[in-house]
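Here's the structure, in structure tokens; my notes come after.
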Amino acid sequence: MHTYDEPVYLISIVSKILDIHPQTLRQYERENLISPSRSDGRIRLYSQRDIDRIKLILRLTREMGVNLAGVDVVLRLKEQIETMEQEIAELRHQLAQAKHSAAVPPEKALVTKKSIYEMIVFEEE
């Protein structure tokens, strides 16, 4: 079995799987919507990730009527959202680690601001 990112499918196979003309795939590549890998002989090789991306492009163009320029915008925004979601997950993980490793448990620390000085009050048990 192949991994999700392993380029193994030829353009003819992908066009049959997705029921589109090979020229459509070449056009998507010219528009920088997809970037299949190339073999040493310069043959296009597509991964399952590429195929899923093409399916999304087809859904946007066929079902939603988005033109290729719009598809490019949607794909870029989708990538930005995914990047931000990863960053948020990392920050949440760091925050959880910081909460667990704090010298004073957060529920026992009280920070108030009464003037230009900050005051920390610890409750005794």
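The values are calculated or read from the model by the stated rules, or taken from the named source; none is laboratory data. On a predicted model such as this, the values are computed, not experimentally measured, just so you know. Counting neighbours? That spans all protein chains shown, and the Cβs are built from the backbone with ideal geometry, glycine included.
Would you mention how many residues in the stretch 26-46 are of a type outside the set (Val, Ile, Thr), more than 20 Å from Arg76 (Cβ to Cβ) and in contact with a strand residue (DSSP E or B) (Cβ under 9 Å, 6 or more places away or on another chain)?
Matching residues across the stretch 26-46 total 7.
Which of the numbered conditions does Asp40 fail, given that it passes all the others? Conditions: (1) outside any helix (DSSP H, G or I); (2) surrounded by 10 or more Cβ atoms within 10 Å (Cβ to Cβ).
Every condition holds for Asp40 apart from (2).
Among the residues of the stretch 1-30, write down those that are assigned to a loop (DSSP other than H, G, I, E, B) and either of a type in the set (D, E, K, R) or in contact with a Lys or Arg (Cβ under 6 Å, 6 or more places away or on another chain) (or both).
Going through the stretch 1-30, the residues assigned to a loop (DSSP other than H, G, I, E, B) turn out to be 1-8, 19-21.
Those that are assigned to a loop (DSSP other than H, G, I, E, B) and either of a type in the set (D, E, K, R) or in contact with a Lys or Arg (Cβ under 6 Å, 6 or more places away or on another chain) (or both): Tyr4, Asp5, Glu6, Asp19.
Select from the stretch 43-87 the residues that are surrounded by 13 or more Cβ atoms within 10 Å (Cβ to Cβ) and in a loop (DSSP other than H, G, I, E, B) and write down the one among them that is nearest to the chain's Cα centre (by Cα).
The selected residue is Ser47.
Quick test for you: out of Val111, Val71, pick the one residue that is modelled with pLDDT under 95 and of a type outside the set (S, T, N, Q). Walk me through how you get there before you give the answer.
Details: Val71 fails: modelled with pLDDT under 95.
Criteria check complete, one pass: Val111.
Go through the stretch 1-34 and give me each residue that's loosely packed, with under 13 Cβ neighbours inside 10 Å and at pLDDT below 95.
Met1, His2, Thr3, Tyr4, Asp5, Val8
Just to check your reading of the model, which residue among Ala89, Ala98 is more than 30 Å from Glu123 (Cα to Cα) and among the small types (Gly, Ala, Ser)?
Values: Ala98 fails: more than 30 Å from Glu123 (Cα to Cα).
Step by step, each of Ala89, Ala98 is checked, and only Ala89 is more than 30 Å from Glu123 (Cα to Cα) and among the small types (Gly, Ala, Ser).
Evaluate the following for Leu33: is it outside any helix (DSSP H, G or I) and among the hydrophobic types (A, V, I, L, M, F, W, C)?
Answer is yes for this residue.
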